[in-house]
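Inspection log for the structure reproduced underneath, given as structure tokens.
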Amino acid sequence: MLNDPEYAQAVIESQDRAKREGREISKSGPSLATWTSEVGVMADIVDALRRVEVAVFAAAGGNPKDPVPYARPRTALDQARKQKEQADYDALVARMLPTM
């Protein structure tokens, strides 16, 4: 499906429209249909190896960037949790900062 030029163009247009409207572009990660416990363990191993790589680089005197975690599927629970965190943050800001 991603090799379909019309579909790819539709996705790009949808993302551009979301940017113009100020909406967040969905980054869903891998499909839940293909995500298994084995894939989850491999993702954990990749994350651990990236942290080891950063530690070795730092021990050698380098200034490494934080490792980027391996992409994982996003669920409705993840999205609801993120929305709640944003709502809590907005409520705190509203209490702490005076309105103009």
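The values are calculated or read from the model by the stated rules, or taken from the named source; none is laboratory data. Please read these numbers as outputs of a predicted model, since none were measured by experiment. Virtual Cβ from ideal backbone geometry, glycine too; neighbours counted across all protein chains shown.
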Name the pairs whose Cβ atoms lie under 9 Å apart, with the first residue in region 48-61 and assigned to a helix (DSSP H, G or I), the second of a type in the set (Phe, Trp, Tyr), and 6 or more positions between them or separate chains? Arg50/Tyr70
Kindly establish whether Pro30 is touching a Gly at 6+ places or on another chain (Cβ under 6 Å) and in contact (Cβ under 8 Å) with a residue 40 or more places away in the chain. no
If you check every pair at least six apart or on different chains, which have Cβ atoms under 9 Å apart with a residue in region 76-100 that is among the small types (Gly, Ala, Ser) first and a residue that is assigned to a helix (DSSP H, G or I) and surrounded by 10 or more Cβ atoms within 10 Å (Cβ to Cβ) second? none
Among the candidates Asp4, Asp16, residue that is surrounded by 11 or more Cβ atoms within 10 Å (Cβ to Cβ), out of contact with any helix residue (DSSP H, G or I) (no Cβ under 8 Å at 6 or more places or on another chain) and charged (D, E, K, R): Asp16
Sole exception among (1) of a type in the set (A, V, I, L, M); (2) touching a helix residue (DSSP H, G or I) at 6+ places or on another chain (Cβ under 8 Å); (3) in a helix (DSSP H, G or I) for Val68, by number: (3)
Residue hits (region 58-100; surrounded by 10 or more Cβ atoms within 10 Å (Cβ to Cβ) and of a type in the set (Val, Ile, Thr)) are Thr75
Determine, yes or no, whether Ala48 is over 29 Å from Gln86 (Cβ atoms) and either modelled with pLDDT of 95 or more or over 18 Å from the mean Cα position of the chain (by Cα) (or both). yes
Regarding Ser31, is this residue assigned to a helix (DSSP H, G or I) and hydroxyl-bearing (Ser, Thr, Tyr)? no
